[in-house]
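Asker: The structure's right below; bear with me while I get my questions together.
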Amino acid sequence: MDGIPFARAGRAELRDRVAGLLADGEVDRARVALLADADDWWSEPPPPDEQLARVDAAGTLREAMDLLGMGRVGDYFAHRWSDPTHLAVLALLGRHWPGDRPVVDVACGIGTQLRELSRRGVRDLLGLDVVWSKLWLAQRFVCPEARYVCADLTAAPDLQVPRPAYVTCHDAFYFLRDKPAAAAALHALAGPGGTVVVGHAHVADTVSAGEPLAPAAYARLLGATVLYDDAELTAALLAGRPPRPAAADELTGSEAIGLVAGDLRAPAPADLGEPLGPLRPNPLYVDGELRWPSERYAAEYGPRSAHLPARWPDPLPADAARRRLLVDLPEQW
């Protein structure tokens, strides 16, 4: 459907219904049925079909997410470009760059990371997620250069990925219930000599859902040889320096960590701390003041967003882009 295969486990009834609609030429109704599907952590009911039917005509990412009723997840995606977890991901990528390896982004969401990789020259990109609507948004608004498959990591069809591959999973591994199976699937995708990179794996989960582990447990599961504190990754990107790794027993007090297993790869040839542009003022600033989109967002990201001042500075500092006062948004943001 719309070029995005749907192979999610446990959705046989939905799959058959969509196949039937397509066979009858009911393409719009088939799309609506897939757009209504959500992940197992989501507790809100889907919007009415007549609202979902308008998603295909949405002119911007934010309009489409509003029509999809994405709520707090929509806030997260809309402002991903400057949140501290995204900066941590960029630091992790910058230190362990895929180079010419094919990349599989597991739980890719709307493709924010895939867009960064594509714009910096990585060509073989695959996004995997269990929520078809997120992949649709990624393809339509964020990174059309990648291909996408809607499937579970541990029950995916043959994704036709050349090995060795570079396999990432950011801000999602702690959600996966069968983590040993997920870790094995990540390594199987990477293949011999490949790389597995897990970013923002929660150690202490105080705001969002999920089932976090201790750093040493993550490292054992993933066979990781390099670990980082998430706050260190963010600070390193903002400072323009390499992040400092740490031992697992030094990270027990961390909120979240990043881990790398397999081929560690070389650093990126360019500084990922500098967004590519064209740059626009960060939309979190309204009438010169920093305004979080919700109390939940403020509680989760506000305490770790010291790089964003409370008021818009005048004049802008020389590092305005690095601090994400200026951001590289998709054209149809």
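Derivation of every value follows stated rules applied to the coordinates shown; laboratory data play no part. Quick caveat: nothing in here was measured; it's all calculated off a predicted structure. Heads up, the Cβs are rebuilt from the backbone with ideal geometry, glycines too, and the neighbour counts pull from every protein chain shown.
Asker: Going toward the positive end of the dipole of the stretch 1-159, with +1 on Lys and Arg Cβ and -1 on Asp and Glu Cβ, which of VAL131, GLN113, ALA57 do you reach last?
Answerer: The listed residue farthest towards the positive side: GLN113.
Asker: Let me see the pair-distance distribution of the chain: every alpha carbon pair, 20 Å bin width, integer percents in order.
Answerer: 31, 60, 9
Asker: Now, a different point. Quote the convex hull volume per residue of the stretch 184-274, based on C-alpha atoms, as a whole number of Å³.
Answerer: Per-residue hull volume (Cα only) is 116 Å³.
Asker: Multiply the residue separation of ASP2 and ASP39 by 0.36 nm, subtract the distance between their alpha-carbon atoms, and state the gained length in nm to one decimal.
Answerer: Details: separation 37, 0.36 × 37 = 13.32 nm, distance 1.99 nm.
Between ASP2 and ASP39, full extension yields 11.3 nm more.
Asker: Taking only Cα atoms and a 10 Å spring cutoff, compute GNM fluctuations for the chain and point out the largest among ASP158, ASP28, ASP129.
Answerer: Sorting by GNM fluctuation, first place goes to ASP158.
Asker: Let me ask another. Output needed: percent of Cα pairs per 10 Å distance bin for the stretch 261-333, bins running from 0 to the one holding the longest distance.
Answerer: The calculated distribution, bin by bin, is 16, 41, 29, 12, 2.
Asker: Taking all pairs of distinct Cα atoms, average 1/r, flip it, and tell me the Kirkwood hydrodynamic radius of the stretch 191-333 in Å to one decimal place.
Answerer: Working: mean 1/r = 0.0581 Å⁻¹.
It works out to 17.2 Å.
Asker: With a bin width of 5 angstrom, please list the P(r) values of the stretch 35-142 as percents of all Cα-Cα pairs, from the 0 bin to the one holding the largest distance.
Answerer: 2, 11, 21, 23, 18, 12, 8, 4, 1, 0
Asker: How big is the dipole moment of the stretch 44-108 about its Cα centre under a simple scheme where the beta carbon of each Lys and Arg is +1, that of each Asp and Glu is -1, and everything else is neutral? Debye, nearest 20, please.
Answerer: Charge dipole, the stretch 44-108, about its Cα centre: 380 debye, nearest 20.
Asker: Another one. How compact and how long is the stretch 148-232, expressed as Rg and Dmax of its alpha-carbon atoms in Å?
Answerer: 13.1, 38
Asker: Okay, moving on. Please give the net charge around ALA246, taking every other residue with its beta carbon less than 12 angstrom from that of ALA246, where Lys and Arg add +1 and Asp and Glu add -1.
Answerer: Charge balance in the 12 Å sphere: -4.
Asker: Could you state the number of Å between the C-alpha centres of the stretch 81-131 and the stretch 1-61?
Answerer: Measuring centre to centre over Cα atoms gives 25 Å.
Asker: For every helix of n ≥ 4 consecutive DSSP H residues, a contribution of -39,500 (n - 2.57) applies; sum these over the chain, divide by its total residues, and give [θ] at 222 nm rounded to the nearest 500 deg cm²/dmol.
Answerer: Dividing the helical sum by the residues of the chain leaves -8500 deg cm²/dmol.
Asker: What does the charge dipole of the chain about its Cα centre add up to, to the nearest 20 debye, if the Cβ of each Lys and Arg holds +1 and the Cβ of each Asp and Glu holds -1?
Answerer: For this selection, approximately 760 debye.
Asker: Counting pairs of alpha carbon atoms under 8 Å apart in space and at least six apart in sequence, what relative contact order in percent does the stretch 160-273 give?
Answerer: RCO, the stretch 160-273: 29 percent.
Asker: Moving on. Could you work out how far apart the two model spin labels at ALA239 and GLU13 are, taking each label as a point 7 Å from the Cα in the direction of the beta carbon, and quote it in nm?
Answerer: 5.4
Asker: Additional query: Taking 8 Å as the Cα distance limit and 6 or more residues as the minimum spacing, I'd like the relative contact order of the stretch 1-138 as a percentage. Walk me through the numbers on the way to the answer.
Answerer: Details: 129 pairs, mean separation 32.2, N = 138.
Computed over the stretch 1-138, the figure is 23 percent.
Asker: Pick from PRO144, PRO315, PRO180 the residue whose mean-square fluctuation is largest in a GNM of the chain, springs joining Cα atoms under 10 Å.
Answerer: Checking each option, the largest mean-square fluctuation is seen for PRO315.
Asker: Also, I was wondering about something else. If you place +1 on the Cβ of every Lys and Arg and -1 on the Cβ of every Asp and Glu, how big does the dipole about the Cα centre of the stretch 162-236 come out, in debye to the nearest 20? Spell out each step's value before the answer.
Answerer: On the way: 4 positive and 7 negative charges, 76 e Å.
That gives a dipole near 360 debye.
Asker: Antiparallel DSSP bridges in the chain: what percent, to the nearest 5?
Answerer: Rounded to the nearest five, the antiparallel share is 45 percent.
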